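To keep things clear, I will list the structure first and then write my remarks on it.
What follows is calculated from the coordinates using simple rules that are stated; it is not laboratory data. For clarity, every value in this text was computed on a predicted model and none was experimentally measured. Note that we place each Cβ from the backbone using ideal geometry, even for glycine, and neighbour counts take in every protein chain shown.
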Amino acid sequence: MIRETLCATSTCALVGVLAFCSASPSLAQQQLAFTPFRSSGIYALGETAGWDVSATPKTTCHHYTYTAKENNATLLMSGNLDLTTGKAQIAMQVSEPAMILVQVDAACSAVAQAKPATPQHKKASMTSEAVLGAAIDPTQLRPVVPAPADFDEFWQGKLKQLKSVPMNPHLLQVPSGDPAVNLYMVKLRSVGSHVQGYLAVPPTEGKHPALILYQYAGVYALKPEESVKYAAQGWLTFDVDSHDIPPFKGDGVPTDYFRLGENSRETSYFLNMYLRDTRALQYIRSRPDWDGKTIVLMGTSMGGQQSLATAGLNPKWITAVIVDEPAGADTNSDLHGRKAGYPYWPSNDAKAMEASRYFDPINFAPHIKAATILAMGFIDTTAPPTGLWTVFNQLGGPKEAVPMIDAAHTNKTPQRLGKFIERSKQALDMLLHGGSLQLHDATSAQ
């Protein structure tokens with residue numbers, strides 16, 4: 001079962017720009033500090049990129065190896081780090097736009113560090129200790145393959161089919177935990193399935209801006225307190241389940257749902273998911289308590305993927321898109337010198353590769369006119385930053401990148417998402433109070 005459960009243990013530790021979520025701090029976390037040459041982690045073409053490496057007071061191992069991969073696929077360089085003087089450096093020059101992923105390994109066993117080697121401990125262990133990320137001219141990253149020639153025609157046909165299906169909304173009021181907020185379980189008809197989720201209505205009379213929440217990967221019960229929290233602030237909030245199951249259920253869908261029907265655009269699990277996402281938007285627009293002006297889409301990982309697809313399919317109606325490490329981008333990248341991420345469409349299946357292009361956020365991005373805030377983790381291998389920068393570069397409206405140089409995927413390093421959390425709160429506050437979304441430029445080498 002794939003569920004992006006956040007690590008909540010007190011041992012999620014980091015040193016410098018090392019970021020991990022594990023049962024105990026890694027060797028390198030305790031012993032090494034890494035300082036990027038540029039604090040932004042973003043470098044120009046041909047500029048020397050890298051890190052100063054230094055020992056810490058806990059250093060007992062002084063020998064490490066490292067490998068640097070371009071777009072987590074092609075070996076760029078490798079080498080040794082000798083920390084006997086307390087300092088070392090990882091440096092490189094890259095002549096094309098890329099994301100660089102560096103893995104540092106200790107060449108000292110835990111036993112060897114504590115005492116002289118004995119015959120049974122002569123062989124040093126090689127344990128992965130640290131992962132670092134850098135961006136080389138990322139705003140120039142482009143799609144590895146074009147959108148299908150009939151991409152727009154295909155989706156317009158599906159939206160027309162959706163329009164022919166009546167919504168038949170069914171609402172059941174349930175306890176909200178907040179006496180001022182009304183909470184409902186919602187069920188709507190869609191193409192071949194139903195939209196299900198929680199709708200939370202603000203306590204004040206009148207019309208409200210709308211916030212639609214799309215969910216990350218997995219099969220799990222939704223948390224009603226999430227939509228209630230936003231409704232209490234003033235948002236008409238619809239928390240949409242990714243599946244056709246009641247929002248309180250955490251089962252009833254195969255855990256490998258993302259592989260179902262993957263070799264055809266007509267049978268892919270994401271087809272009906274995306275149509276349900278648009279149906280949820282249509283329902284919000286039909287409600288008399290929507291203010292008729294503001295609709296914000298928000299999600300993390302697969303929820304970000306759904307947000308981008310929905311905004312691309314419905315550009316006229318979306319005010320803003322706020323997404324953290326959206327999944328599903330760059331689906332054909334394994335065939336073109338980049339490493340793909342979730343949902344891991346098989347690159348050895350030509351039909352799956354072709355079908356995946358109809359669900360890739362990169363191909364929806366040019367249609368998005370809404371102001372978009374997109375966060376990417378530089379050491380994320382679930383939603384690789386190469387694909388996310390490519391999505392960002394294809395966006396058709398105002399946009400802001402939130403580079404998180406020490407973040408892996410959202411569930412792996414939740415303690416490193418502070419920049420996105422802060423920025424999303426600022427953006428929602430602006431939009432809630434009727435202001436326009438003021439965007440920042442964080443894309444240049446600084």
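Between amide H atoms placed 1.01 Å from N, distances below 5 Å from Val174 occur with Leu183, Tyr184, Met185, all of them 5 or more places distant or on a separate chain. Packing order of peptides 260-270, 72-82, highest average first: 260-270, 72-82 (average count of other Cβ atoms within 10 Å over each peptide's residues).
Phi angles of the stretch 269-284 translate, via the Karplus equation with coefficients 6.51, -1.76, 1.60 and θ = phi - 60°, into HN-Hα couplings of 4, 6, 4, 5, 4, 5, 5, 5, 4, 5, 4, 4, 4, 4, 5, 4 Hz per residue; Gly and Pro are given as x. Each stretch of four or more DSSP H residues adds -39500 (n - 2.57); spread over every residue of the chain, this sum gives -6500 deg cm²/dmol at 222 nm.
Amide H contacts for Gln89 (H built 1.01 Å from N in the peptide plane; partners 5 or more residues away or on another chain; cut-off under 5 Å): Val53. Beyond 24 Å, what percent of the Cα pairs of the stretch 312-446 remain? Value for the stretch 312-446: 32 percent of Cα pairs lie more than 24 Å apart.
Put +1 on the Cβ of every Lys and Arg and -1 on every Asp and Glu Cβ in the chain; which of Ala221, Gly397, Leu141 then has its Cα farthest towards the positive end of the dipole? The residue sitting farthest along the positive end of the dipole is Ala221. Residue by residue, the stretch 381-386 carries 3J(HN,Hα) couplings of 9, 7, 10, x, x, 4 Hz when phi is fed to the Karplus relation 6.51 cos²θ - 1.76 cosθ + 1.60 (θ = phi - 60°); x denotes Gly or Pro. Each Lys and Arg contributes +1 and each Asp and Glu -1, all at the Cβ; summed about the Cα centre of the stretch 151-432, the dipole is approximately 540 debye.
Here Lys207 is the anchor, and the aspartates and glutamates within straight C-alpha reach of less than 13 Å, apart from those fewer than 8 places off in the same chain, are Asp289, Asp291. Amide H contacts under 5 Å for Thr372: Val321, Lys399, Glu400, restricted to partners 5 or more places along the chain or on a different chain, H placed in the peptide plane at 1.01 Å from N. Each residue of the stretch 137-152 was assigned a 3J(HN,Hα) from its phi angle through the Karplus curve 6.51 cos²θ - 1.76 cosθ + 1.60 (θ = phi - 60°); the sequence is 6, x, 6, 9, 5, 10, x, 7, 9, x, 5, x, 4, 9, 4, 5 Hz, with glycine and proline shown as x. Farthest towards the positive end of the charge dipole of the chain, among the residues Thr74, Pro97, Gln438, is the Cα of Gln438, using unit charges on the Cβ of Lys, Arg, Asp and Glu.
With the contact rule set at Cα under 8 Å and sequence spacing of 6 or more, what percent relative contact order holds for the stretch 157-250? Could the numbers behind the result be given before it?
Numbers: 192 pairs, mean separation 26.0, N = 94.
So the answer I get is 28 percent.
Comparing Val240, Val53, Val165 in a Gaussian network model of the chain where C-alpha atoms under 10 Å apart are linked, the largest mean-square fluctuation is found at Val165.
Helix 224-233 versus the longest principal axis of the chain: what angle, 0 to 90°, nearest 10, using Cα atoms? Orientation of helix 224-233: about 80 degrees from the principal axis. Excluding residues on the same chain fewer than 8 positions from Lys158, give the lysines whose Cα lies under 23 Å from its Cα. Within the straight-line limit of under 23 Å, Lys158 reaches these lysines: Lys187, Lys316, Lys351, Lys369. The value for the chain of Rg(Cα) / (2.2 N^0.38 Å) is 1.04.
How high is the relative contact order of the stretch 151-432, in percent, with contacts defined as C-alpha pairs under 8 Å that are six or more residues apart?
Working: 631 pairs, mean separation 40.3, N = 282.
Across the stretch 151-432, relative contact order equals 14 percent.
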